[in-house]
Amino acid sequence: MADLTAAEIADRSGPGFAIGITALAGALFGYIAGNTLGAGLIGTLVGAVLGAGFAWVAAGPLSGSRAGGRWAAIALCALLGLVFGGIGGAVGGAVIGAVLGWIAYWMVRTDYRKGLPPYATAGQVLWHNAFLFICGFIFFFLIAPIAVVIPLSFNAESFFTFTPEMLALDPEGYSLRHYRDFFTNADWQQAMWNSLKIAPVATLLAVGFGTLAAIGLSQSHIPFRQVIMAILISPMIVPLIISAAGMYFFYSRIGLQGTYWGIVLAHAALGIPFVIITVTATLVGFDRSLTRASANLGADPVTTFFKVQMPLILPGVISGGLFAFITSFDEVVVVLFVGSAGQKTLPWQMFIGLREQISPTILAVATILVTISILLLTTLELLRRRSERLRGMSPG
Amino acid sequence: MTDTRQTEGTVPLGPDQFTGPTPDNALRDADRDAKASMVAADGTPLKASLARSLRRQKLRALMLVAPLLIFVLVTFIAPIADMLFRSVQNEIVVDTLPRTVAALQDWDYESGEVPGPAVFDAMTRDMMVAVERKEHTRLGSRLNYELTGISSLLRQTGRDVEDIGEVQLDAMVGLDPAWEEPATWAGMLTTPDYREAAAEWAIRADEGGRLFDEPPPRMELAEAAQALPLTADAYTDFARTIGTESQDSALEEEPWPLVYMSLVQDLRQFPAAADAFEGDDGARLAALVEALPTIPEVDTRAAFLEIDEEWADPQVWGTIKAFSPPYTPGYFLSAADLTLTPDGVEAMPEDERIYRTLFLRTIFMSLAITFSCILLGYPVAWLLANLPARQANVLMILVLLPFWTSLLVRTSAWKVLLQQQGVINDILVWLGLVGDANRLVMINNVTGTIIAMTHILLPFMILPLYSVMKTIPPSYVRAAKSLGATDFTAFRRVYFPQSVPGIGAGSILVFILAIGYYITPEIVGGTKGVFISNRIAYHISTSLNWGLAAALGSILLVAVLILYWAYDRIIGIDNVKLGG
């Protein structure tokens, strides 16, 4: 037995192994579903029977048509859910059916051995799948918190959690009231406008100064390069609370504390390292002979910069600008100290809301912000690809 | 090995070390001659021309960097320097109590005695000026950090100190009602020029109303006033203080009792001083000298003790003396749970020691977060690095999305999830895994902070790990396996050692970020799960002990800079990657 591979074991034992595992998974889902209805034991039994049945069907009658088998599983489980738990139960049942159906075919067709050499031992197969499962769990850990916020923001009640109506998929349980609140509440609107007034100006300052400096820094003969670089990068290195404390002390000395320009200057300083890093990285791939050729053809340095250099490094400048923008738009620690009540930004308002737990409007704002970050991420990815294409590298 | 010079003559030299001419020398000479004679188009030697051009290039590069450098220096480096400076700055004591600090120089705390009358006299003067400027309460709160109770002592004294010398004032006014007139004093002690300027200033002040902020004219003392040094000094203080603080003219206000007291003191010491004055002033002073025995003595020391017995405690005076220098290590000592007492540096009382625990907790929690990030980040990074590019790119989005999502959004998500009435607890109860009565407590404690911060900082671990793992050739592990290593051995002996730089980079990055975090612990940390940063914020905005906040911040800053230095040595700052 010892020198048999798992595949051979699976072949010899026929669909029994697959039926067993699927029944186990079915029992687990059945236990969960049963518990919500107050009958864990019965649920477990029903689940196990269903799982075993699916695997048997997948191995026998419907072994040829995967899609058909899976739809049948979904339909059956959804029906069961509908009978015992209403519309919410139907959706839950459909999800369980989809997963169970998938597991059944995955087991029966030995897809779990995909990506492994045919000589892999049973232990190796087990470890491989356990590893994938762990990774899936970690990805879930990364995304779930953000994903949970989105449906909760449509909550009809002022709760921070799912109400029974929401779970039953009752349309009464959902509403846009928190979005409405965000767009009509004076505090939130004021905060949004403040954010929109501060971030672009800070970004403009950071990008303007930063691009110039990055061009200067990328020249080969610049003296004290290390020291200058360390100073320019320092706002990224120093913990925000320390920057905030220092700025609070210093800006109140020079009368900038609590003013619009105080926050703009502070945010520009925080955004500068990102501009410097992205633009210098872009300049590494910049062909210097192009500027020389331009000068040779009679262009003055300003024309050369705007007509030749700028279009080529633009992707780097834009992504640096996006980093600077999101830094300012997201920043709360410095603004808490340097700003005054009249300059409350969106993150500040959220921070107050979280600390004092006022309303789930925060979740509506969070959903809007998540949408913005998805857009930003897409833009950045497109920019990166374009920049790599310009430099002659293949995307990916 | 160390004696190479002695053996120089005997050991054969290397080819470059011959002192005689070699073919090499001739080549170099020729090269040098050729260079020297080469000229640029405008006739200057090429070398000079090149050097000039290089200099111009350097200058131009510096000019491009200069605006940003100045910008960052002003908006960022200056604030940090200011904070470092504030952590040792302590001018408030010597600024508020200059005379007392000078008088205390001669007093020794070790003697265990209450300071002499000179110190109390100086204190009376300092306090009167400070009360008028409303500075004594600020001094009180400063010294209260060091010795509890000083704040209320100074406030109490501030209320009563103006009455000291009242008896002498009454006696003098009883002797000659002219002493009550502000003009008497001004005429006796100041020059006519000053009086004229002050009168004009007073008119302008009346017209200007609230917005008037012109400083009063500089006090010019009459020549004769030098005969009464204490009086002149007290009067100058009086005129300046009421002028700057309440825009009152010395010509129109009755002087403080302190001035009367000083005059009596001066005249007791120099009875002949009256002779320096002419006319009415001289006569009035002579009459006062005559009547001196009838004017009651004022013992400032007794007066202070009457206000509050605490003044008899050498501890109070010792504290004032210990914190009289303009710079103090006091805040740093407080940050290490020590305190500067008159007896030297001592440990804080047991129940007030919080900072060491807090620093240790910050470090421990940052380590725990770093460790859980390694644990969760390593498998994911491995998967991303070993999957085909297309699948890896899709999964990479799952890592980058949280990275790009607002910190506040992620923190609020965790608050929603971890609360007792939150999503996780609800699901557990709904599934029947946990009873409704004993919902898990996952927020407002260490657990909450560690879970939420691990999630927030995980991308910072995955990204550097991924970029290092991407460079490890898969053929090495295959070679190890073909040589007979098991999967585990191949991982342990071949793959893992090559991924250690990635772990190092990610760990330092996560640790540095974690150690200075503020927002997340503030929201999900409760009281047990907070970091040193939260304490800094507390001291800035709530307790207003800015010096201590600055000292805590400086310690944190130094720790972070040391870690960054290590990071730079191991990985290089230039290699910081921003999200792929």
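So here's what we get for this one:
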item	result
Output for segment A:307-326, where each listed residue is open to solvent by less than 30 Å² (accessible area, probe 1.4 Å) and more than 10 Å from every other protein chain (Cβ to nearest Cβ)	A:Q309, A:I313, A:P315, A:G316, A:V317, A:G321, A:A324
Candidate set: segment A:333-368, residues that are without any contact (Cβ under 8 Å) to a residue 24 or more places away in the chain, of a type outside the set (V, I, T) and open to solvent by less than 20 Å² (accessible area, probe 1.4 Å); chosen: the one farthest from the other protein chains (Cβ to nearest Cβ)	A:G353
Condition check for A:L76: open to solvent by 70 Å² or more (accessible area, probe 1.4 Å) and touching a Phe, Trp or Tyr at 6+ places or on another chain (Cβ under 9 Å)	yes
Subset of segment B:155-187 that is over 21 Å from B:I242 (Cα atoms) and open to solvent by less than 10 Å² (accessible area, probe 1.4 Å) - its residue that is nearest to the chain's Cα centre (by Cα)	B:Q168
Counted residues, segment A:128-147 - those being open to solvent by 30 Å² or more (accessible area, probe 1.4 Å), of a type in the set (A, V, I, L, M) and within 10 Å of chain B (Cβ to nearest Cβ)	4
One residue from B:R493, B:R535, B:R478 being within 18 Å of the chain's Cα centre (by Cα) and either modelled with pLDDT of 90 or more or open to solvent by 10 Å² or more (accessible area, probe 1.4 Å) (or both)	B:R535
Subset of segment B:430-455 [within 11 Å of chain A (Cβ to nearest Cβ), surrounded by fewer than 24 Cβ atoms within 10 Å (Cβ to Cβ) and at pLDDT 85 or above]	B:I451, B:T454
Residue match in segment A:204-218 (condition: within 14 Å of B:F76 (Cα to Cα) and without any contact (Cβ under 8 Å) to a residue 60 or more places away in the chain)	no
Among the residues listed as A:L205, A:L196, A:L212, the single one being part of a helix (DSSP H, G or I), open to solvent by less than 90 Å² (accessible area, probe 1.4 Å), modelled with pLDDT of 85 or more and away from chain B (no Cβ under 14 Å)	A:L196
Members of segment A:106-127 found to be surrounded by 14 or more Cβ atoms within 10 Å (Cβ to Cβ), closer than 27 Å to A:G69 by Cα and within 14 Å of another protein chain (Cβ to nearest Cβ), listed by number	A:L116, A:V125
Among residues of segment A:26-58, those that are aliphatic (A, V, I, L, M), open to solvent by less than 70 Å² (accessible area, probe 1.4 Å) and in contact with a Phe, Trp or Tyr (Cβ under 7 Å, 6 or more places away or on another chain), counted	1
Given (1) of a type in the set (A, V, I, L, M, F, W, C); (2) under 24 Å from B:T137 (Cβ atoms); (3) modelled with pLDDT under 90, number of the condition B:V88 does not satisfy	(3)
Selection from segment B:412-425 of residues that are open to solvent by less than 20 Å² (accessible area, probe 1.4 Å) and facing chain A (nearest Cβ under 7 Å)	B:S412, B:A413, B:W414, B:V416, B:L417, B:G422, B:V423
Condition met for B:A347 (within 14 Å of chain A (Cβ to nearest Cβ) and either of a type in the set (A, V, I, L, M) or open to solvent by 40 Å² or more (accessible area, probe 1.4 Å) (or both))	no
Unmet requirement for B:D337, which otherwise passes all of (1) open to solvent by less than 30 Å² (accessible area, probe 1.4 Å); (2) free of Cβ contacts under 8 Å to residues at least 24 places away in the same chain; (3) at negative phi; (4) in contact with a strand residue (DSSP E or B) (Cβ under 8 Å, 6 or more places away or on another chain)	(3)
Selection count where residues are facing chain B (nearest Cβ under 9 Å) and free of Cβ contacts under 8 Å to residues at least 60 places away in the same chain, scope segment A:275-304	4
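Results for (1) touching a residue at least 40 places away in the same chain (Cβ under 8 Å); (2) more than 9 Å from every other protein chain (Cβ to nearest Cβ); (3) open to solvent by 10 Å² or more (accessible area, probe 1.4 Å), shown as yes or no for each residue.
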{"site": "B:I374", "(1), (2), (3)": "yes, yes, yes"}
{"site": "B:A385", "(1), (2), (3)": "yes, yes, yes"}
{"site": "B:A389", "(1), (2), (3)": "no, no, yes"}
{"site": "B:N393", "(1), (2), (3)": "no, no, yes"}
{"site": "B:I397", "(1), (2), (3)": "no, no, yes"}
{"site": "B:L400", "(1), (2), (3)": "yes, no, yes"}
{"site": "B:T405", "(1), (2), (3)": "no, no, no"}
{"site": "B:R410", "(1), (2), (3)": "yes, no, yes"}
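Quick grid of which residues meet (1) within 53 Å of the chain's Cα centre (by Cα); (2) touching a residue at least 40 places away in the same chain (Cβ under 8 Å); (3) open to solvent by less than 80 Å² (accessible area, probe 1.4 Å):
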| site | (1), (2), (3) |
| --- | --- |
| B:Q269 | yes, no, no |
| B:E290 | no, no, no |
| B:D299 | yes, yes, no |
| B:L305 | yes, no, yes |
| B:E310 | yes, yes, no |
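The values are calculated or read from the model by the stated rules, or taken from the named source; none is laboratory data. None of these values were measured; they are calculated from a predicted model. With ideal geometry, Cβ positions are generated from the backbone for all residues, glycine too; neighbour counts draw on all protein chains shown. Ligands, DNA and RNA are excluded from the accessible area calculation, which covers all protein heavy atoms including side chains. Shrake-Rupley method; radii C 1.70, N 1.55, O 1.52, S 1.80 Å.
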